[in-house]
Structures are given as structure tokens and as C-alpha cells.
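Working notes, beginning with the structure itself.
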Amino acid sequence: RAKDGSIRHVEITSSVRFKEGEFLNTRCFTRDVSQLRAAEEKLREKEQYLSDILDALPAAVYTTDAQGRITYFNQQAVELAGRVPELGKDEWCVTWRLRNIDGTPLPHDQCPMAIALKEKRPVRGAFAYAERPDGKLIPFTPYPTPLINQRGELVGGINMLVDITEQRKREEHIEFVMRELSHRSKNLLAIVAAIANRTMRASENFDQFQEKFSKRMDAMARAHDLLIQNSWAGADIRDIVQAEIKGFLGNEAEQRIVTKGEGILLKPSVVQNLSLAIHELATNAMKYGAFAMEGGSVEVEWAEGGDNSVSFSWCERTNLQAAEAAGSGFGTHLLKTLFRHSDIRLTPTGLNFSGLLDHASVAPPAKTADQN
């Protein structure tokens, strides 16, 4: 404490003089180190500030000395590695084990951080897997950077490990979508070619072919709209029936059709097939059956089968005086192809059809039964 009452930080050094083992005197040197202590305190505050920043980063960060020994790590590094590194003992990386992107082992002394320190240069564009003690693999991108002092000497290194698990999932999903798109495009082209071929055979002239083919493509387009709305997970059978009938009758469809059955989610390929089948049934009804006559209606019913199939029926309700002979055109061929145990009957009240539709994925009920 100085005379003015202020407190100073001092460094005291004393030395004693002895002669023949007898104490003679001592010297005491007192040096004011207040500025040095203040500078040290500021340095500690700055170090704590930088540590708080690194701890707050949403990525694993750690530092090493010039020999590669771990000197600091944040909590994100612990979470990524699945372990608590040992300061001053663990070398090069905080991870338990490392693997190359192809899955082969990557020794720690050959990892990107080791290269950055040995070659005194940042390493970028590398990828690796961190293997946790529980065996889980975490893909990451490292950003190792050597730390050089003003004299050009290597004093350590800092590394940031960015978990790219979600990025890898997105990339894998994109690859899956591209493969699926290619597969579906080929299937779609094959279906279109088959429809065009069958339509051409059953058409008397080009105008008739153009009209029939265009309407069948519209049916497929409606099926695709439903699939897109559900991210290609499938479509509910009731939505398929209503969408196709509405394509013929517009808003009047709600008064002319009765649907019965629980909600069943159909696979994309089945959605396309069922849409075409309903299109052909509705086309026939528009020409000769329920939709061609005032007051005519159709009852569509379905139920889940025990063998992953759906029983499906189409019953027209009209006051037909004379039934048209059942033909054997594209529609009949399509129904017999898509449905097992298909039964097509022309009754005094209109066309009745029933059959089993295969390969249906069953989902929880989407709507109540007996919905008009």
C-alpha cells in the first residue's frame, strides 16, 4: 500500500549474506509490477473471451501445441467424438478413431491436422469419418490450420470439425430421387407407349385416336397430381376415385357417385393403374351408362384384403331399358389386366364390375366410411 492509499502489485526479491554461518544482513528489492499484472489480467480476459466464442460455436473446435498434443476442446468436440479427450495426452485429433471416406482406417498421425502441422499449411477439402467408442460413424469435414508466431515459428494448430451427417443424407436422398425418377420415367414411357399402341389399334381414324389418347393422358396427369401432393408416397383410393370422376362430371360428381370404404394408401404404380381403370369405367358410363342418363349414379366400394390386395367394385344405377353389348376394347383389356378375378357384367341397371387390385399399401383410415 502506497502513502496515497493506492494498492500496488509488487515483486519482492531478497538475498541474505552469511559469514561463517552467521547472518550479516539481507538485501530486499521491490519492483512495481502493477502494469504487468494488469496486462496479464487483460490477457486472461481475452483468452476467456475467445474460449467463450469457441464454446458457443455449433461445430467441434480444438487446439494443439506444435507437437500435436491436444491443448483445448469445446463441448461440441466432445459430442462429435463421443468421448472426452485427454489434454496434453491425446494427439492430432479429439476422435477415438478415424476412417477415410471409403471406410478404411485413417491413423491419427496421418489425419488432416497432422498434415497441417507437419507441413505448416492449412488443409481444406478433406472428408473423413469419426468413429465413436460406441461404433457410430460421423461424417465430417475438417478445417485444420497451423498457428505461426511473428517469428515464423510453429506454435500449435486449431481445427474445426463440421458434422456433415445431414448434408450426406441430403446427397443420398438426391441420388435416390434421381434413380427413382429415372426408373419411374422409364416405366411411365412404357405405359404411355402401351396406351398409344392399344388406342391406335382400337381407333378407326387419327381424330378418334387423338381424342381417346388425350383423355387417357389426362387421367394419368390427374394421378400424377395426387402423387405430387403426397410427395410420391402414394394416394388414397377415395381421392383417386373422386379425382377421376370429377374430371368427367366436374362439381356434379358429388351428386352422381357414392363411395364406400376405409382410407387405403395405394402405391404410386397402383395409383396410375387404378386411375386409368376408373377412367375407362367412367368413359363407358358417359357413353352408355349411368353418366349418360339423367339421375344415373355409380356406387364405388372397396375393402382391404388379407393378402395385401384391395377388393374393388363399380356398380351403376340407371333405368336402362336396353343394355348395350359389352365390348372387348381397350377398357375391357385394361380391367382384366390390372385386376385379379375380374368380373364385368352388363345388367338392366348398368355396368357392374368387381375385381382384386394387387400391391396396395395400407394406411390408417383417411376418411370415414360411407362418405358420399
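The values are calculated or read from the model by the stated rules, or taken from the named source; none is laboratory data. Fair warning: this is a prediction, and the values are worked out from it, not measured in the lab. Every residue, glycine among them, receives a Cβ derived from its backbone with ideal geometry; neighbour counts consider all protein chains shown. Quick note on the areas: whole protein, heavy atoms, side chains included, nothing else; ligands and nucleic acids left out. Shrake-Rupley method; radii C 1.70, N 1.55, O 1.52, S 1.80 Å.
Of all the listed residues (Glu262, Glu211, Glu244), the sole one being open to solvent by 60 Å² or more (accessible area, probe 1.4 Å) and within 25 Å of Thr318 (Cβ to Cβ) is Glu211. Being closer than 18 Å to Leu265 by Cβ, within 26 Å of the chain's Cα centre (by Cα), modelled with pLDDT under 85 and aliphatic (A, V, I, L, M) is true of Ala233.
If I ask for residues that are within 21 Å of Ala235 (Cβ to Cβ) and surrounded by fewer than 24 Cβ atoms within 10 Å (Cβ to Cβ), which ones from segment 282-298 would you list? Listed by number, the list holds a single entry, Thr283.
Would you pick out the residues in segment 123-144 that are open to solvent by 10 Å² or more (accessible area, probe 1.4 Å) and outside any strand (DSSP E or B)? Within segment 123-144, Val123, Arg124, Gly125, Ala126, Phe127, Arg132, Pro133, Asp134, Gly135, Lys136, Tyr143 meet the criteria.
Here Asp225 fits the description: open to solvent by 70 Å² or more (accessible area, probe 1.4 Å), among the acidic types (Asp, Glu) and in a helix (DSSP H, G or I). For segment 228-241, residues that are crowded, with 18+ Cβ neighbours inside 10 Å and under 19 Å from Ser185 (Cα atoms) total 2. Number of residues in segment 242-274 that are over 30 Å from the mean Cα position of the chain (by Cα) and not small (Gly, Ala, Ser): the value is 15. Selection of segment 70-81 for residues being out of contact with any Asp or Glu (no Cβ under 6 Å at 6 or more places or on another chain), open to solvent by 20 Å² or more (accessible area, probe 1.4 Å) and either part of a strand (DSSP E or B) or touching a residue at least 24 places away in the same chain (Cβ under 8 Å) (or both) yields Tyr72, Phe73. When the residues of segment 16-39 are filtered to those that are assigned to a loop (DSSP other than H, G, I, E, B) and over 20 Å from Arg1 (Cα atoms), the one that is least open to solvent (accessible area, probe 1.4 Å) is Gly21. Could you look through segment 92-114, keep only residues that are open to solvent by 60 Å² or more (accessible area, probe 1.4 Å) and among the hydrophobic types (A, V, I, L, M, F, W, C), and pick out the one that is nearest to Gln75 (Cα to Cα)? Looking at residues that are open to solvent by 60 Å² or more (accessible area, probe 1.4 Å) and among the hydrophobic types (A, V, I, L, M, F, W, C), I get Trp96.
The residues on offer are Leu161, Leu181, Leu147, and the sole one that is assigned to a strand (DSSP E or B) and either open to solvent by 50 Å² or more (accessible area, probe 1.4 Å) or closer than 28 Å to Val271 by Cα (or both) is Leu147.
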